[in-house]
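Structure first, then comments.
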Amino acid sequence: DGRTFITEQGGAVRVIKNGTLLSTPLLKLNVNTRGESGLVGIALDPNFSSNQYLYLYYTLPDGSRDRISRFRCSGDVAPLSSEQILLNLDAKAAAIHHGGAMHFKDGRLFVAIGDDANGANAQNLDTYHGKVIRINPDGSIPSGNPYTSGSEQRRRIWAYGLRNPFTFSIQPGTGRIFVNDVGLERFEEINDITSPGKNYGWPEAQGASTNPAFTNPVY
């Protein structure tokens, strides 16, 4: 409908309407803001015009973990009482590498999650850290994910071996998914994660690798 929704790290979602920043936030969450913590992700439901659903990725006030929740807007306000918690992510030890980007594709929500500053997490399929996950709009596990058995985390994973994939985008027309993964001193990566179940190598590889177990970045 032409409005722009903007997250602020401190927990507010602001609205620009008809070219003007509204003085009252859409909502204001109580979040932890240590380091890279806070309100770090936002997505609108593909059917927003009819259901008014807004998805947010934020750090709990005690800093213990990140959460993905759904809220329902009413005009230019989203009551906190409308929150539906979709997924509490694994406990965090670090204040960095949260990830947080979220986008819908074909009715499923893709969420990029950082490795919690622990590279080993990226290769562990039983934690959400260092992954891109794919979930239904209610947080449940959809069909078509690469892992159909095992832990809840494993069955939500779409891609792994990532360090801090806090931005990604879906190419119009083709539907290809490109993830920006922040590197450690040597390389930054753009990875094509369109196909499920691929391992992008972190922390064993940065940039191009000769290991056939790893999928190299496109750039």
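Search segment 166-193 for residues being of a type in the set (A, V, I, L, M, F, W, C) and open to solvent by less than 10 Å² (accessible area, probe 1.4 Å), and hand back the single one that is farthest from ASN136 (Cα to Cα). My answer is VAL179.
For segment 121-167, taking the residues that are among the aromatic types (Phe, Trp, Tyr) and within 24 Å of GLY38 (Cβ to Cβ), the one that is modelled with the lowest pLDDT is identified as PHE166. For segment 10-73, the strands (runs of 3 or more DSSP E) that sit wholly inside it and include 1 or more residues that are of a type in the set (A, V, I, L, M), over 16 Å from ILE85 (Cβ atoms) and under 17 Å from the mean Cα position of the chain (by Cα) are 12-17, 39-44. Within segment 110-120, the residues that satisfy the criterion of being under 16 Å from the mean Cα position of the chain (by Cα) and either within 21 Å of SER149 (Cβ to Cβ) or touching a residue at least 40 places away in the same chain (Cβ under 8 Å) (or both) are PHE110, VAL111, ALA112, ILE113, GLY114, ASP115. Residues in segment 121-178 that are more than 15 Å from ILE68 (Cβ to Cβ), among the charged types (D, E, K, R) and without any contact (Cβ under 8 Å) to a residue 24 or more places away in the chain: ARG155, ARG176. Tell me yes or no: at least one residue of segment 114-132 is assigned to a loop (DSSP other than H, G, I, E, B), aliphatic (A, V, I, L, M) and more than 19 Å from GLU204 (Cβ to Cβ). No: zero hits.
ARG163 fulfils the conditions (1) in a loop (DSSP other than H, G, I, E, B); (2) buried (at least 18 other Cβ atoms within 10 Å of the Cβ); (3) touching a Lys or Arg at 6+ places or on another chain (Cβ under 9 Å) except for a single criterion, (3). Within segment 194-219, can you find the residues that are polar (S, T, N, Q), open to solvent by less than 70 Å² (accessible area, probe 1.4 Å) and assigned to a loop (DSSP other than H, G, I, E, B)? Of everything in segment 194-219, those that are polar (S, T, N, Q), open to solvent by less than 70 Å² (accessible area, probe 1.4 Å) and assigned to a loop (DSSP other than H, G, I, E, B) turn out to be THR194, SER195, GLN206, SER209, ASN211, THR215, ASN216. The residues listed here are LEU89, LEU26; of these, the one that is more than 30 Å from ARG155 (Cβ to Cβ) and either among the basic types (Lys, Arg) or surrounded by 14 or more Cβ atoms within 10 Å (Cβ to Cβ) (or both) is LEU26. Filtering segment 60-83 to residues that are under 18 Å from PHE5 (Cβ atoms) and touching a residue at least 40 places away in the same chain (Cβ under 8 Å) leaves ILE68, ARG70, PHE71, CYS73, ASP76, VAL77, ALA78, PRO79, LEU80. Of note, TYR58 does not satisfy the criterion of being crowded, with 19+ Cβ neighbours inside 10 Å, over 25 Å from LYS92 (Cβ atoms) and not β-branched (Val, Ile, Thr).
The values are calculated or read from the model by the stated rules, or taken from the named source; none is laboratory data. No experiment lies behind these values; they were computed from the predicted model shown. Neighbour counts run over all protein chains shown; Cβ positions are idealised from the backbone, glycine included. Heads up: the accessible areas ignore ligands, DNA and RNA and are worked out on the full protein's heavy atoms, side chains in. Shrake-Rupley method; radii C 1.70, N 1.55, O 1.52, S 1.80 Å.
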